[in-house]
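Following: one structure in structure tokens, then a few remarks.
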Amino acid sequence: MRDNQAFSKENYSVEEIRLETNIKKELVIAVGVLIVSAIIFGVPFYLIWQETVHDFINVMLARREVIFAMPLLERIIAIAFQGAAILAIICILTLVHELVHGLIYGILAGNKFKSIKMGFLLKSFTAYCICKEELKINHSKIGLMAPLFLMGIVPLILSIVIGNVVLFLLGIFTIIASNGDMLIFLKFSTFPNDSWVYETITEDKELLMSIYRPTKSK
């Protein structure tokens, strides 16, 4: 029998955590994460690949000049097209981000991928991927941090090695987009390692996390 299937609520106390969107708080954290990431990864990337960075910036500026030299209608269409392309890329990256969560949860869950549920909460404008069965809290933390590592840290390290600006931007975007995951990870880190996590979407369309803490931690 798999570990996650052996869970029983006996001898556990439960604490509920609701995922609440605090735009001001998340913006402050995002700025802080951006500054730290720029220092840790941006500085060495620039020092090693200055010419590549300058070439990339010059290409972006040249494209900007081409667009603003267009007639008004063509300029509006070009700007709208670029905006749509950026939005599409963000949506694709968000989907991949949640799929990575689901992949790890599915591997670690007792019922595998049958327990995975994905969706979008309009109330908080947040994509989500949850496991519909109890997970060991350490397994849940691995699933939480998987996108940050696979889509953030790894691309950033590779970008420094090979001098790829696109990989660098992907890594920075993923780290900033993982603010919510990092906050949940920090909350989970306050519980004993033999705790369990159960996630569900409430009738109010909010993410509710129930943490089962052993009454006598091992």
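All of the numbers you see were taken from the coordinates with simple rules; none came from a lab. All values derive from a computational prediction rather than experimental measurement. Reconstructed Cβ throughout: ideal geometry from the backbone, glycine too, with neighbour counts over all protein chains shown.
Here are a few things to note about the model shown:
- A Cα-only calculation for region 25-87 places Rg and Dmax at 16.4, 43 Å.
- Mean sequence separation of contacting Cα pairs (under 8 Å, at least six apart), scaled by the length of the chain, corresponds to a relative contact order of 30 percent.
- Under 5 Å between amide hydrogens, built in the peptide plane, is the criterion, and for Leu121 it picks out Thr126, Ala127, Tyr128 among residues at least 5 positions away or on other chains.
- Once Rg and the Kirkwood radius are both taken over the C-alpha atoms of region 65-136, their ratio Rg/Rh works out to 1.30.
- When every Cα-Cα distance of region 27-214 is counted in 5 angstrom steps from zero, the calculated P(r) takes the values 1, 7, 13, 15, 16, 14, 11, 9, 6, 4, 2, 1, 0, 0 percent.
- Compared with the direct C-alpha span, the chain from Phe113 to Ile40 gains 22.7 nm at full extension, assuming 0.36 nm per residue.
- Here Phe125 and Asp194 are evaluated by their C-beta separation; at R0 = 35 Å the FRET efficiency comes out at 0.50.
- Comparing Val165, Val100, Val31 in a Gaussian network model of the chain, where Cα atoms under 10 Å apart are tied by springs, the biggest mean-square fluctuation is seen for Val31.
- Centroid-to-centroid separation of region 161-218 and region 72-123 [C-alpha atoms, Å]: 17 Å
- Gain on full stretching of the segment that runs from Ala62 to Ile157 - 0.36 nm per residue minus C-alpha separation: 31.4 nm
- Candidates Thr190, Gly119, Val66 compared by Cα position along the dipole of the chain: farthest toward the positive end lies Thr190, with charges placed on Cβ.
- Cut-off under 5 Å, modelled amide H: who pairs with Tyr12 long-range: Thr215
- Here the gap between Ala88 and Asn11, fully extended at 0.36 nm per residue and compared with their Cα-Cα distance, gives a gain of 23.0 nm.
- Local electrostatic count, Val59, Cβ distance below 14 Å [Lys/Arg +1, Asp/Glu -1]: -1
- Neighbours of Ser115, meaning other residues whose beta-carbon lies under 9 angstrom from its beta-carbon, give a summed charge of +3 when Lys and Arg score +1 and Asp and Glu score -1.
- Neighbour cut-off at most 13 other Cβ (10 Å), DSSP loop, GluC sites (Glu not before Pro), region 41-97: none
- Its Cα gyration tensor gives region 132-218 an equivalent ellipsoid, and the semi-axes of that ellipsoid, as √(5λ) in whole Å with the largest first, are 31, 16, 9.
- Among Lys132, Lys141, Lys114: highest mean-square fluctuation, GNM of the chain, C-alpha pairs under 10 Å: Lys114
- Debye, to nearest 20: dipole size of region 27-214, +1 on Lys, Arg Cβ, -1 on Asp, Glu Cβ: 260 debye
- Glu74-Gln50 FRET efficiency (beta carbon distance; Förster radius 41 Å; 0.05 resolution): 0.75
- Charge tally around Ser210: other residues with Cβ under 9 Å, Lys/Arg +1 each, Asp/Glu -1 each, net -4.
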